[in-house]
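Before any comments, here is the structure.
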Amino acid sequence: FAVSGDTPDATAAPFPMSGLWSVAFDSSGMGYALHGVIAGAPGADRPRISAFDPLTLSEKWRIDLPLPEGALWNYPGGIGLLANGAFCAAYATRLVRIAPRTGEILALADVPAPAGQAHTAYNGFIALPDGRLLAKSHHRK
């Protein structure tokens, strides 16, 4: 999504989510937010995911996504819930699968960095019928 004009103050939210980029909802209505990824936003120093109740806006859990070693590009990534119930995120040069109810990281994969890790970020993916993810990278060099 894109926002024009004045942007809402993320610090006014019921739980801190500076650098908010994307939100997804599962079939039960639970919300998931990827935040901490807008460079220059206060507190946006690393990618995080929070699960929240969209009716009360109460945060259920939050995780700081594990960062790869060395320099990285903290560029907005992507999140999604797959038909089989899996919750996945793409960020920096990593893909993760997360338990939607607990926030536990179930799987983590480092993905290729064609322009170098400091200049490559994965910012989206699609799920293939066989369950594999096809990820999209972005390069600034």
ask   = With labels modelled as points extended 7 Å from the Cα through the Cβ direction, what inter-label distance (nm, one decimal) is found for residue 83 paired with residue 134?
value = 1.5
task = Send over a whole-number figure in Å² for the accessible area per residue of segment 23-141, probe 1.4 Å.
result = 50
query = Within the accessible area of the chain, what % is carbon and sulfur when the probe is 1.4 Å and the other protein chains stay in place?
reply = 57
note = Charge tally for neighbours of residue 91 with beta carbon under 10 Å away, counting Lys, Arg as +1 and Asp, Glu as -1, is +3
Computed log₁₀ I(q)/I(0) - Debye formula, equal Cα scatterers, no solvent, the chain, q 0.14, 0.20 Å⁻¹ = -0.64, -1.27
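The values are calculated or read from the model by the stated rules, or taken from the named source; none is laboratory data. Here the structure is a predicted model, which means the values were calculated and not measured. All Cβ positions, glycine included, derive from the backbone under ideal geometry; neighbour counts span all protein chains shown. For the accessible areas, the whole protein counts, side chains as well, though only heavy atoms, and no ligand, DNA or RNA atoms are used. Shrake-Rupley method; radii C 1.70, N 1.55, O 1.52, S 1.80 Å.
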